[in-house]
1. I want to check the label-to-label distance for VAL119 and ASP220. Put each point 7 Å from Cα in the C-beta direction and report it in nm to one decimal.
2. Counting only Cα atoms, I'd like the Rg/Rh figure for segment 87-221, Kirkwood definition for Rh.
3. How far apart, in nm, are the 7 Å Cα→Cβ label points at GLU111 and THR198?
4. Taking a probe of 1.4 angstrom, what is the accessible area of SER200 in Å², to the nearest 10?
5. What GluC sites (Glu not before Pro) does segment 100-154 have in DSSP loop regions with at most 15 other beta carbons within 10 Å?
6. By how many nm would the segment from THR153 to GLU101 grow when fully extended, if each residue of separation counts as 0.36 nm and the alpha-carbon distance is taken off?
Amino acid sequence: MRKRIAFIMVIVCVLLMAGCGASNSTEDSAGADNQIKITFVENDEQADTEENISTDGVADYPAAIMVNDTIYLLEGDPMPAEVDESAIIGYTESYTGTFPENNGETNFNPELGMPYAQVEGGIAVLYKNEWYLGTPFSNENTITFTGIIIDHTVESLVPVICVKTLDEEVIPYEAVFFELPEGEEDWMLKIDAEVLITCSGGFTEPAPHYGTLISIKDADTVL
């Protein structure tokens, strides 16, 4: 499905920016965010890798858990070492389709009761009989910028918006694309709205420049 989305985004991007100058796509922003530069949604190369953790149906959010008021981002591969049962500090209590907002909440598995443990480097979560390391998420992993929603498209059940960037010193591209997570579909209807976007630091290369949305707000309501 991501291949079809990318195809549609290419068409939209061409139509939207025809006649405009070429964007500075030669700059490499992929290294800006090594920590969350992990594919959690299956693509063509990972279709047979069932062991990899994924945010089931939530493409815009990296797999995460909240513990002790801190969000931890889970790595894509299981930990090589086992976790001692004595290190378990709790069990998952709720599920969300966005970023976790409550302790014991995850966004990658609606089944509750998964044990999580305090380990060196962060929090380990037992998922499908494998332990996955989660490392603390911080603002250093994100980019916040203002932009204008200039178009939208829908492929299957996944809504996508195209945002014209207004902060060239932050985003070196003329326009970027984001999938809207569950509960944020109304942004598709707000063409020409100026928005404040927080996203992961890395974008797909080459164009269309596709980012991972963390939050989107109306810029007029942000103090």
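1. Modelled inter-label distance: 4.8 nm.
2. 1.04
3. Result: 3.2 nm between the two label points.
4. Per-residue accessible area (SER200): approximately 10 Å².
5. For GluC sites (Glu not before Pro) across segment 100-154 that sit outside H, G, I, E and B with at most 15 neighbouring Cβ atoms in 10 Å, the list reads GLU101, GLU111, GLU120.
6. Here the segment from THR153 to GLU101 would lengthen by 15.9 nm.
The values are calculated or read from the model by the stated rules, or taken from the named source; none is laboratory data. What you see is a predicted model; the values in this text were computed from it and never measured. Cβ coordinates were reconstructed from backbone atoms using ideal geometry, including for glycine residues, and neighbour counts include every protein chain displayed. Calculation scope for accessible area: heavy atoms of the full protein, side chains included, ligands and nucleic acids excluded. Shrake-Rupley method; radii C 1.70, N 1.55, O 1.52, S 1.80 Å.
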